[in-house]
Every structure is written in structure tokens, then in C-alpha cells.
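Quick notes on the structure that follows.
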Amino acid sequence: MTGSVFFLHLAGAIALLLWATRMVKTGVERAYGDVLRIKLRSTMRNPLAAVATGAGLAIALQSSTAVTLLVGSFAGSGIVSGIAGQLAVRGAEIGSALVVRLLTFDLTLLVPICLAAGTTMFMATEKREWRQLGRIIVGIGLLILSLEMIGQASEPLRDSRLLPLVIDYFSSDPVTAFLLSAVLTWLFHSSIAAVLLLVTLAARGLIPPELGVVMVLGVNLGSSLIAPLLTRASPAPVRVVPIGNLLMRGVGSIVVLALFLSFRPPVTLLGATGADQIVNAHIAFNCLMLVAGIPLASLILKASEAFVRMSTKQEPEPELADVEPTILHDSALKTPHLALGNATREAMRICEIIEVMLARIFELYEAADQKGIDALARLDDRVDRRHARLKLYLARIDPAEMTEDDAQRCSELLGACVKLEQVGDIIVRNMLVHVRKKVQHKLEFTGEGWRELAAFHAAVLANARLAFNVLVSRDAATARQLVAEKDRLRDTEKDTARRHFARLREGSVRSVETSTIHLDTIRDLKQINSLLASIAYPVLEERGLLNNSRLRAAS
């Protein structure tokens, strides 16, 4: 195989790894984001649980880098705390090291199983949870496939004639060997593939055990660099966990290398064969990082946050409610299609604010503070101002210049604008009142009741995003999906009410105390969902996909 073909195969395998990681991440966030906010926070409050969660994810995904990216995105979104994210990544590194052992078994059968099962789930139903679960399973299958492709792409290196000469040179220069293995791991984008390569060479007697340990430390340095480089353009909160991993695991590998070269401990303590010594050295190093990482978690978090602040370009970021640049230019009023384009952009800005409000209100349900309450009220004021400006702008478009399609689009935008303003009012005038009542009376939902509210809110938030897409794209399939989700949510509301009243009958004190807030919140969320779903009606009506009435004709 020529060098260019080798790098082409390697680049394709790495690209598949990145795409598969994105599939799993987006699938988890879309299907379980808000629910994970509750479950992961409660699970990861215990350090051991955070470690176990990270290890389990790494074994399932067969990639500590994928877990670092996932946990980093969750920490950036506020789903888990920074310390919990650091500990989860520590566990992920151990899980990744254990995967090297697991990969001595043939896992190729999992690839077609995951691809077939995931694709079936995604295509056989319209239910969002099942479709996203299918996306996740397909992503896992592609992750396994990409790691196999990386291993296959690196196969020619094992039989190279120059390799023995190179090994002899690096045995006399451990620092260079350490750096080279770090670079190779970064190129592979997989510590598992890099360690497996070292294990294979050691099993053939090509790598002395001492050099193998040095290169394993280099693998850990290279692996700790992957996630920070992949997230270098991401928002600052997303970069904290990957940078923390670099500070702990990367710096730790350098410190352990210095100690190993200084004291030269016998590597026979790690196993009987060179291959076992390399695998056990990899596992032992990551266990050491876990033991050191638990007491140092707070310090590493502070250091990583400080590093991210220093490395981020400091640009003034005005408050969301303070700066309101307008795109409703008067010069476009005599050209309806341009004016309607401006109005659509302005409507999408209102949609963005509503999405933020809808997400933040539930955060206040979980942990309210006066600053957050005031910020939410300011956002509603901004919606009101933009709503008023947009209505006046649409009213000033010259009707004599509008075609029939322009007039219909103008009516759609005006109707959507009114509905968005009503959604903002429900959030602030109804749901924010519930938040204040919950804080004032120090009320807490039952575990089951809170999970029901979280799932219901997650469904409404997902439907809101569908509605915003329909407003721009006017896509009939998305509009149908949005209306179908409205019907599904109505059934969910009935089930939620039934379970809530069952808890009341059982005499649950917390259910009695929070009953009014619970039911009123469900009612408010359902009303919000109905308003947003109605954005799809003009699109469906235009295509003849909407019934005039849901009433059954009299017999």
C-alpha cells in the first residue's frame, strides 16, 4: 500500500469516527437532553457514580474521546457540573483502557446488528424517542466500524521493514518515542487503536517492555489532546472538560514518564509477557489518574476554567435583553418579497428568544434565583417590543404590490408573531408565578412527578423547534409531524394526570403540596404546545392536508 493510500484510509476512518460521535451526541441531546439534566445531576453527585457512568459510556462507545466530547457538551449545556464531568472523563479513560482487553474478542458482529436495529428503529416509527434511539444505535455501530477501519488502516505499519530499525533507535531515545506515540495517537484519533498496535508489536517481540510502557504514556498524552483540538472552536463552557482532561491526563503522563525514567521500576510487575505489560501499564496509569483526580477535581476545574478564559478572545458580550439591532428596513417596504424576507428573519429572532425562555423557565423550576427570574422577565419585554415592531412593519407593506402568495405569507407571519408573543406571556405570567410560589413555600416535587414534568417539558421544547423550522421552511412533512406530536402530547397529558391523581389517592404528602403547581404547569405547557403547533396549520391547509373540523358528522 502506498503512503497516499494509507493516509486516505486513515483519514476516512477518522472522519467516520467524528461523524459517528456527532450522531450519538445529537441523538442523546435531542431525545434525552432535558431528562439527562435531572438524572445525570442526581447520579453524578456521587463521585463513584460519576466515574462508573463515564466508564460505562466509554465501554459502550469504545472511545474515551467520544465520551469526553459528550460529557463536555453536557457540561457546556449545564446538564452536568464541571466536577462531575471531570470525574466522568476519569472513569471514561479507565473504561477505554478496559476496552483494549475487550477488543481481544471479535466484535465485528455488533456492527451489522447496530446498523440494522438502529435503522429499523429510525425508519419504522414517527415517535421521536424511538427515532433518536435508532440514531444513537447506528452511531454506536459506526463508532465500532470506524475503530476497526483505523486498525485496518494501520495494519501496514506492523509489517514494515524499517520498523525494527526505528524501534532500536527509539529504545535509546525514550523522550522522542514518547512524543512520537503521542503524535500517532492524535493521528489515529483513538487511544484504543494505538495501544492495540503497540500490543501487537510487543506480542511479536518488536517492542521491548520498557519502551512499550514509555509509548503507552505517550498514547495517553496524545489521546488527551484530541478532544481539546476538536472543540477549539466550540463555546467556552464546552471546552472546560476537554481542557481539564488535558491538564490531568496529559500533564500526568509527563510526570509519570519522568518518574519512570528516573527510578526504572521493573516492568515484570505488570505481567508475564510484553503484551500484558503494555495493557496493564495503560490500565494502571488511568487508575492512578483516577485516584489522583478525585481529590484534585476542584483544582483541575478551576485551572481549566482559567485556561479557557485566557485562551478565549475577550469580546464584549452584551446581555440578550439589552441589544436589539433591527433588520426591518423601511427601504424594502415597496418590494414585498424583500420586506417579507426581513420579517421572516425578525420572526426567527423572536423564535430564538422564546426557545431560550422555554428552556430557562424549567431551569428556574429546578433551582430558582432572583437574578434568573429578572432575566427571564427582561426577555419577555424584548419579545413584546419585537412583536410590536414586526406587526407595524407587516402592516406597512404596500398591499397593492403584494401577490396572493405574498399576502398569505404576510398573514402567516403575523399570526405566528401573535402566537409567539402569547407563549412568552404564558411563560412569564403563569409559569414564573408557579416558580415564585414553589420558592416561597419551599415545595419540592416527588421524584416521579418531577420526571413526568421534565419529560413533558422536553417534548414541548422539541416541538417548539419543529414549529420554528416550519415557520421558515414551510415543509409539509415537518408540519404533519408537528401536528402528530400535538396529538401524542395530549395522550401524554392524560397519562400524567392519571398518575398524579393516583399519587394523591395514595396520600403522598409532597404530591398534595405540589398538586396545583404540577397540574397548572402541565396545562401551561400544553397550551404553549397548542399555540406552537398552530403555526403548522396554514402550511397543511394550503396543501389540503387539514380537516375543516375535528367534529364527527352527525348521523
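The values are calculated or read from the model by the stated rules, or taken from the named source; none is laboratory data. Because the structure is a prediction, the values reported are computed rather than measured. Methodologically, a virtual Cβ is constructed for each residue, glycine included, from the backbone with ideal geometry; neighbour enumeration extends over all protein chains shown. With ligands, DNA and RNA removed, areas are computed over all heavy atoms of the protein, side chains included. Shrake-Rupley method; radii C 1.70, N 1.55, O 1.52, S 1.80 Å.
In square angstrom, rounded to the nearest 10, how much accessible surface does ASP398 have for a 1.4 Å probe?
My reading of the accessible area for ASP398 is about 60 Å².
For the pair THR176 and ARG505, how long in nm is the line joining their label points, each one 7 Å along Cα→Cβ?
7.9
Compute, for PHE263, the solvent-accessible surface of its heavy atoms (probe 1.4 Å) with the complete set of protein chains present, and express it in square angstrom to the nearest 10.
150
Can you give the net charge of the other residues whose Cβ lies under 11 Å from the Cβ of GLY118, counting K and R as +1 and D and E as -1?
Here the count lands on +2.
Which part of the stretch 207-233 falls in the paramagnetic zone of TRP19, meaning amide N under 20 Å from the point 7 Å along Cα-to-beta-carbon?
Taking a point 7 Å out along Cα→Cβ of TRP19, the residues of the stretch 207-233 whose backbone N falls under 20 Å are 230-231.
For ASP520 and LEU109, calculate 0.36 nm times their separation in residues minus their Cα-Cα distance, and state this gained length in nm to one decimal.
Gain in length upon complete extension: 143.0 nm.
Using the basic label-point model (7 angstrom from Cα toward the beta carbon), what is the GLU448 to VAL356 distance in nanometres?
About 3.8 nm separates the two model spin labels.
What FRET efficiency, computed as 1/(1 + (r/R0)^6) with R0 = 25 Å and r the Cβ-Cβ distance, is obtained for HIS337 and SER530, rounded to the nearest 0.05?
Computed FRET efficiency for HIS337 and SER530: 0.20.
With the cut-off at 30 Å, tell me which of the pairs LYS127/LYS371; LYS438/LYS494; LYS127/LYS419; LYS438/LYS486 have Cα atoms farther apart than that.
LYS127/LYS371
Once the other residues with Cβ under 12 Å from the Cβ of SER224 are scored (Lys, Arg +1; Asp, Glu -1), what is the net sum?
So the environment of SER224 carries a net charge of +1.
On the full set of protein chains, 1.4 Å probe, figure out the accessible area of SER473 and give it in Å² to the nearest 10.
That residue has around 70 Å² of solvent-accessible surface.
What are the GluC sites (Glu not before Pro) within the stretch 430-484 that DSSP puts in a loop, where the Cβ has at most 13 other Cβ atoms within 10 Å?
In loop regions of the stretch 430-484 (DSSP not H, G, I, E or B), the sparsely surrounded GluC sites (Glu not before Pro) are GLU444.
Can you list the aspartates and glutamates whose alpha carbon sits under 19 Å from that of LYS437, skipping same-chain ones fewer than 8 residues off?
Excluding near neighbours in sequence, the set is GLU363, GLU366, ASP369, ASP374, ASP425, GLU513, ASP520, ASP524.
7 Å from Cα along Cα→Cβ at both LEU392 and LEU414: what's the point-to-point distance in nm?
1.6
Using only the alpha-carbon atoms, what does the stretch 406-494 span along each of its principal axes? Please give whole angstrom values in decreasing order.
52, 25, 18
Residue by residue through the stretch 444-453, which ³J(HN,Hα) values in whole Hz follow from phi under the Karplus form 6.51 cos²θ - 1.76 cosθ + 1.60 (θ = phi - 60°), with glycine and proline marked x?
Per-residue couplings from phi come out as 9, 6, 5, x, 5, x, 5, 5, 5, 5 Hz.
At a Förster distance of 56 Å, what's the computed FRET efficiency of VAL472 paired with GLN440, Cβ-Cβ distance as r, to 0.05?
0.90
Note the direction-averaged projected area, equal to a quarter of the hull surface, for the Cα convex hull of the stretch 220-270, in nm².
4.0
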